[in-house]
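Asker: Below: one structure in structure tokens.
What follows is calculated from the coordinates using simple rules that are stated; it is not laboratory data. Please read these numbers as outputs of a predicted model, since none were measured by experiment. Don't worry about glycine lacking a Cβ; one is built from the backbone with ideal geometry, like all the others, and counts go over all protein chains shown.
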Amino acid sequence: MSAWRCSIRASGTIESKVARSETGHSKVVARSETGHSKVVARSETGHSKAVARSETGHSKAVARSETGHSKVVVQSETGHSKVVARSETGHSKAVARSETGHSEREPMTVAQTAPAPRKLSEEERRALLSVRQLMWLRFSRNRLAITGMIVLAFMYTVMLFAGFVAPYSVSTTHERFVSAPPTAIHLVRDGRIVWPFVYGETSKTDPNTFRKIYIPNTNEIYPLNFIAPGETYKLVGLIETNLHLFVVGEPGSIFIMGTDRNGRDLFSRIIWGSQISLTVGLVGVLLSLTLGAFLGTVSGYFGGTIDMVVQRTIEVISNIPQIPLWLALAAAVPSNWDPVKIYFGIAIVLSLVTWGGLARQVRGIVLGLRESDFVTAARYTNCDTFRILARHLLPNTFSHVLVIATLAIPGMILGETALSFLGLGIRPPLTSWGVLLNEAQQVRVLLQQPWSLIPALFVLVTVVSFNFVGDGLRDAADPFAGE
Amino acid sequence: MLEYIIRRLLISIPILFIIAIIGFVTMELPQGDYVTRYIAQLEASGQSGARERGAELRKLYQLDDPAYKRFVTWIGRFVRGDFGDSFYYQKPVKTLIAQRLPLTLALTIPCFLISWAIGIAFGIFSATHQYSLADNVLTVVAFLGLGLPAFLVALVLIVATWQITGDVYTGLFSAEYAAAPWSLAKIADLAKHLAIPVGAVVFSGMAWVMRVMRGNLLDELRVNYVQAARAKGVPERMVIWRHAVRNAFHPLVMALGGVLAWLLSGTAIVEQVIGLPTLGPLFIQATMEQDIYLSGTILILLSSLLVLGNLLADVGLALLDPRIRYD
């Protein structure tokens with residue numbers, strides 16, 4: 001077995017290639033041409049040359065020779081790899097070579113030197129990080145993205161505990177307070193700072209405009225009670241309780257964002273409405289992602305007729321203007337369906353229009369990966385098609401798909417808002433921010449109760465946060481760009 | 001190139017035909033039809049002869065024929081330039097669109113020009129002054145524009161102008177000018193009324209153009225040829241305007257493909273909010289009322305413009321960038 005040459009070439013993702021030669025005078029070459037691989041070349045007997053070579057980033061190349069007179073060469077040509085060359089017996093030469101930055105080099109000849117533990121520098125520590133850790137590092141340094149993330153986490157938490165945060169239920173009407181402006185919360189009474197309270201209000205009809213006006217009654221004082229009993233509701237839809245974040249004692253009432261034409265508390269309705277507004281986009285993106293990622297992968301991998309059919313279909317859909325198609329499809333959702341059906345109907349409408357763009361992007365990525373060596377290698381090792389698609393191609397598109405999906409959510413939220421605003425999307429008795437804004441569509445109502453525009457603020461904050469997070473993810477998905 | 005254009009035009013015929021089918025099916029999807037609801041309304045208001053009128057209308061519009069038959073009749077007429085009649089207005093669709101087209105374009109073309117001009121200018125400024133105070137301010141403005149759809153901006157502007165001036169600017173004219181003959185005062189009044197929709201649309205449109213321009217220019221400025229140009233002493237102004245900006249235009253030129261269709265429908269919801277007699281509200285109303293020939297015609301018209309626009313954009317891209325060839 002002398003002068004035997006064992007060569008294995010691993011190119012690809014999350015693959016571990018081990019080339020091993022057990023007899024002497026052999027040359028062991030393990031080579032990885034693309035990222036994320038672990039390359040181990042190991043020669044167990046003397047006079048061998050072990051060469052592990054990683055040509056692209058994020059790989060770990062380990063060449064090890066366990067007996068003497070061997071030459072160990074580990075070479076990493078691009079960044080962020082860990083190169084370990086180790087020769088365990090004497091007379092060997094260990095060469096670890098890293099041609100570009102950010103890699104850790106560890107040439108070691110055990111017989112001669114024992115590795116002394118030492119503190120790694122910041123740069124060295126970074127070099128040891130996995131791709132995922134690098135992405136997170138990059139993402140967490142993006143202040144806007146983190147802010148967006150925190151805001152979204154907060155909003156989704158509030159959404160989950162809507163019953164607790166909202167002082168009233170989504171449909172509680174206060175007949176005495178129709179189109180009432182936001183209730184003022186006072187802190188100062190008789191020149192002293194006191195526990196926050198609100199005044200009771202009496203309504204009067206303005207003799208000139210015949211509109212209701214509300215006059216605070218300074219004798220009636222209702223202090224704010226935090227975490228106090230109010231209306232009964234089910235927490236997270238499970239536990240029955242009557243505790244609310246803040247309420248005022250009966251017969252007082254508090255509308256921090258005013259009421260609508262039916263005397264329903266706008267703040268409570270916004271909080272309850274977030275359950276639809278914040279989720280319909282996610283469901284829509286999930287649907288469009290499933291369809292888009294599946295068809296994109298299949299279309300890009302197989303090519304030929306399937307690709308042609310899928311591409312032409314996408315072309316047809318992309319040639320219909322988005323907003324009119326949304327309107328037309330939303331109008332087709334029957335208004336007499338039950339709420340759950342309408343909710344999913346609208347989510348499907350939102351996704352039907354957008355899956356094409358997603359499928360195209362996924363196809364592009366798959367097309368690039370299809371010809372790569374690791375897919376060829378997988379095919380040569382009798383990997384079945386499904387496994388290649390599911391284990392090799394899809395995971396590689398994951399970070400891109402995540403970015404695309406995150407950036408698609410704001411569009412869906414805006415789409416739902418626009419449709420519901422026009423009365424074509426979510427319809428009462430369901431409540432979403434778009435439904436709430438629908439009231440503001442009539443200019444007369446809008447001018448009487450300008451606070452009915454407050455839901456727009458929630459839409460704005462959500463959409464901007466998603467944009468921040470999406471931009472942050474996009475930068476993080478490619479952790480080496482711009483370095 | 002010519003061959004490519006002809007090929008694209010030929011391909012677009014089957015595409016448009018499929019879009020026509022999709023459009024027709026979508027319009028047919030809602031339960032019931034316009035005449036049924038119209039007759040129900042007539043009966044509810046106690047008018048006599050509603051049923052006879054209904055039967056007459058159903059026969060006139062062939063509503064009792066199977067859908068595919070109506071589609072064939074409709075598409076057959078469509079290619080000959082007869083788009084059918086609107087149920088609601090009892091007028092030919094062509095007349096309705098022709099009536100509303102001038103005002104729609106008068107509104108959207110300035111919107112487009114202004115928003116792209118401002119967006120491109122701010123985008124370039126933002127990219128060349130990255131992380132400066134002005135860049136940060138513009139970025140915040142851009143994110144506001146991206147987060148608030150134009151129709152909400154319009155609502156905010158309506159409330160704001162009402163708070164400041166005490167006047168409500170909706171519709172096209174104030175009451176006193178609506179029937180008045182054209183005069184300078186009437187034009188001024190019109191301009192005042194159009195300021196809100198134009199402002200709202202420009203704000204949103206500008207935000208998007210600005211973000212795209214800024215992002216692309218920043219990417220371009222990192223590319224080696226910029227460094228090479230700087231190294232050989234090309235003045236910075238030339239580096240940016242002659243080299244980087246020109247290459248950063250690509251995505252915008254691609255987006256121009258959608259502009260033709262956008263001019264007719266992109267501002268629909270804003271127009272609806274303001275109550276303008278333009279194409280957008282006509283389409284929204286037709287969709288809601290199941291006025292299928294009207295909404296179907298507009299949908300196909302928009303799609304044709306999109307197909308044409310995309311072709312023009314591809315040709316434009318080839319002119320802009322000699323690396324792109326289509327044959």
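Asker: Rounded to the nearest 0.05, what FRET efficiency do B:Arg77 and B:Leu10 give with R0 = 35 Å and r taken as the Cβ-Cβ distance? Could you check?
Answerer: Details: r = 23 Å, r/R0 = 0.66.
The value I calculate is 0.90.
Asker: Among A:Cys383, B:Cys111, which comes first, second and so on when ranked by fewest other beta-carbon atoms within 10 Å? Working shown, then result.
Answerer: Numbers: A:Cys383 15, B:Cys111 26.
In increasing order of surrounding Cβ atoms, one gets A:Cys383, B:Cys111.
Asker: Using a 10 Å cut-off around each Cβ, can you sort B:Thr73, A:Thr417, A:Thr381, B:Thr128 from fewest to most neighbouring Cβ atoms?
Answerer: Numbers: B:Thr73 13, A:Thr417 31, A:Thr381 7, B:Thr128 19.
Neighbour counts put them in this order, fewest first: A:Thr381, B:Thr73, B:Thr128, A:Thr417.
Asker: How much FRET efficiency would the formula 1/(1 + (r/R0)^6) give for B:Lys69 and B:Arg37, where r is the Cβ-Cβ distance and R0 is 25 Å, rounded to 0.05? Walk me through the numbers on the way to the answer.
Answerer: Details: r = 22 Å, r/R0 = 0.88.
In this case the efficiency is close to 0.70.
Asker: Would you please give the FRET efficiency between B:Glu28 and B:Arg237, computed as 1/(1 + (r/R0)^6) with r the Cβ-Cβ distance and R0 = 51 Å, to the nearest 0.05? Display every interim value, and only then the final one.
Answerer: On the way: r = 58 Å, r/R0 = 1.14.
Result of the calculation: an efficiency of 0.30.
Asker: In peptide B:2-15, how many Cβ atoms from other protein chains are near each Cβ within 10 Å, on average? It would help to have the intermediate numbers written out before the result.
Answerer: Details: counts 0, 0, 0, 0, 0, 0, 0, 0, 0, 2, 2, 0, 2, 5.
Shielding by partners across B:2-15 averages 1.
Asker: Which of the helices in chain B meet the span-like rule: DSSP H, Cα axial reach of 30 Å or more, Kyte-Doolittle mean at least -1.0?
Answerer: Numbers: long enough: B:2-28 (39 Å, 1.79); B:93-128 (49 Å, 1.46); B:184-221 (49 Å, 0.88); B:292-320 (41 Å, 2.02).
The qualifying helices are B:2-28, B:93-128, B:184-221, B:292-320.
Asker: Which of rounded, prolate, oblate describes region A:177-264, given a ≥ b ≥ c as roots of the alpha-carbon gyration tensor eigenvalues and a/c under 1.5 marking rounded, otherwise prolate only if a/b is larger than b/c?
Answerer: On the way: a/c = 2.91, a/b = 1.31, b/c = 2.22.
It comes out oblate by the Cα gyration axes.
Asker: List every residue whose amide H lies under 5 Å from the amide H of A:Arg189, counting only residues 5 or more places away in sequence or on a different chain, with H placed 1.01 Å from N in the peptide plane.
Answerer: Here A:Val194 satisfy the definition.
Asker: Now for a separate question. What is the local net charge at A:Gly296, summed over the other residues whose Cβ is closer than 15 Å to its Cβ (Lys, Arg +1; Asp, Glu -1)?
Answerer: Numbers: positive: A:Arg312, A:Arg360, A:Arg363, A:Arg370; negative: A:Asp307, A:Glu315.
Local charge sum for A:Gly296: +2.
Asker: Work out, step by step, the length gained on full extension between A:Asp384 and A:Glu122: first 0.36 nm times the residue separation, then minus their alpha carbon distance; give nm to one decimal. Spell out each step's value before the answer.
Answerer: On the way: separation 262, 0.36 × 262 = 94.32 nm, distance 4.30 nm.
Between A:Asp384 and A:Glu122, full extension yields 90.0 nm more.
Asker: Something else now. Which peptide among A:316-329, A:335-348 comes first, and what is the full order, when sorted by highest mean count of other Cβ atoms within 10 Å?
Answerer: On the way: A:316-329: 23.0, A:335-348: 15.6.
Descending mean neighbour count gives A:316-329, A:335-348.
Asker: For peptide B:255-264, compute the average count of partner chain beta-carbon atoms within 10 Å of each residue's beta-carbon. Before the final figure, lay out the partial values.
Answerer: Values: counts 0, 0, 1, 4, 0, 1, 6, 2, 0, 2.
If you average over the peptide's residues, the count of other-chain Cβ atoms is 2.
Asker: Hey, another quick one. Pairs B:Lys69/B:Lys94; A:Lys204/B:Lys192; B:Lys91/B:Lys186; B:Lys94/B:Lys192; A:Lys212/A:Lys234: which exceed 27 Å Cα-Cα? Write down the numbers at each step before the final one.
Answerer: Details: B:Lys69/B:Lys94 22 Å; A:Lys204/B:Lys192 36 Å; B:Lys91/B:Lys186 29 Å; B:Lys94/B:Lys192 30 Å; A:Lys212/A:Lys234 34 Å.
Flagged as over cut-off: A:Lys204/B:Lys192; B:Lys91/B:Lys186; B:Lys94/B:Lys192; A:Lys212/A:Lys234.
Asker: Residues of B:144-155, mean number of Cβ from any other protein chain within 10 Å of their own Cβ, rounded to a whole number?
Answerer: Taking the mean over all residues of the peptide, I get 6.
Asker: May I pose another question? Provide B:Lys59, A:Lys119, B:Lys186 in ascending order of the number of other Cβ atoms located within 10 Å of each residue's Cβ, fewest first.
Answerer: Details: B:Lys59 11, A:Lys119 6, B:Lys186 16.
Going from least to most buried by this count: A:Lys119, B:Lys59, B:Lys186.
Asker: Helix-only estimate, please: 222 nm mean residue ellipticity of chain B, summing -39500 (n - 2.57) across DSSP H runs of length 4 or more and dividing by its residues, to the nearest 500.
Answerer: -24500 deg cm²/dmol
Asker: Further, regarding this structure: If one computes the Cα centroid of region A:332-347 and of region A:129-199, what distance in Å separates the two points?
Answerer: Each part's Cα centre sits 29 Å from the other's.
Asker: Further question on the same structure: Output the peptides A:362-370, A:421-429 sorted from most to least packed, where packing is the average of other Cβ atoms within 10 Å over each peptide's residues. Mind showing how you got there, number by number?
Answerer: Values: A:362-370: 19.1, A:421-429: 21.1.
Ranked from most to least packed, the peptides come out as A:421-429, A:362-370.
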